[in-house]
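To start, the structure itself, in structure tokens.
Bear in mind these aren't lab numbers, they're just calculated from the coordinates by the rules spelled out. A quick note: this is a predicted structure, and the numbers were derived from the prediction, not measured. Backbone-built Cβ (ideal geometry, glycine too); neighbour counts: all protein chains shown.
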Amino acid sequence: MGTGRTGLAGASAEESEPGMARLVTETDRAIIRLLQQDARVSYAEISRETGIPESTVRRRIDRLQQRGVIEFAMLADPVRLGFDLRAMIGLKIDLRRLDEIARALSELNEVMFAAFLTGNFDITLHVVVRTQDELVDFLSHRLAPIEGIRSLETFVMPHIIKPATAWVLPETPPEPAFDGLDLEPDEAGDGAAAREGGAHGRQHRRERTRKLQLARGGE
């Protein structure tokens, strides 16, 4: 990670394991939000923003990656690379051939996103090409020959209001004062002062709670 890593922090494409959300603590969520704002943010900066020791930040990020909660990837902007035409395509298919159609669609480089739907269409595609001619060629020579596709409807997107990569983990409702249950063994603070039961220890915990709330977007 650190300042040398590029990319975006996002949810894993793999299906979440049952109960996975319960294993993601509020501290983890604060770290995720900071990464979503800038995936190149350093461990040291996350530590300053949250009040969590840098070694713990590193370990938590590693754990989130291992569990498939987050992943890092390099994203290219199609428009800046000359792929100016974006379209959503709705497909009606023979549902008995869903699996083989899904495999065929996954192999098409023009397809950025594909999903099975309920409603008027069975599958939706997000495709990017350079020109109208390329879109016509894609529809007629790449998509139409796939067996099992019964009909399609194309919606050209002249402007993206909000890209999928702009999603940020929503804020959670305010919670009671930090009670330490979200801590790992070395997260109680820096040195014995943070573990004291007296005023100094309470002040340390309040400061850490305030940083976590700011990292979550709270006041």
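Listed values, structure above:
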read-out	value
Options P163, M88, P145, ranked by Cα towards positive dipole end of region 79-164, top entry (Cβ charges)	P163
Potential lengthening between L152 and Q65 on full extension [0.36 nm per residue; Cα-Cα distance subtracted]	27.6 nm
Percentage relative contact order, region 79-164, counting C-alpha pairs under 8 Å, at least six apart	46
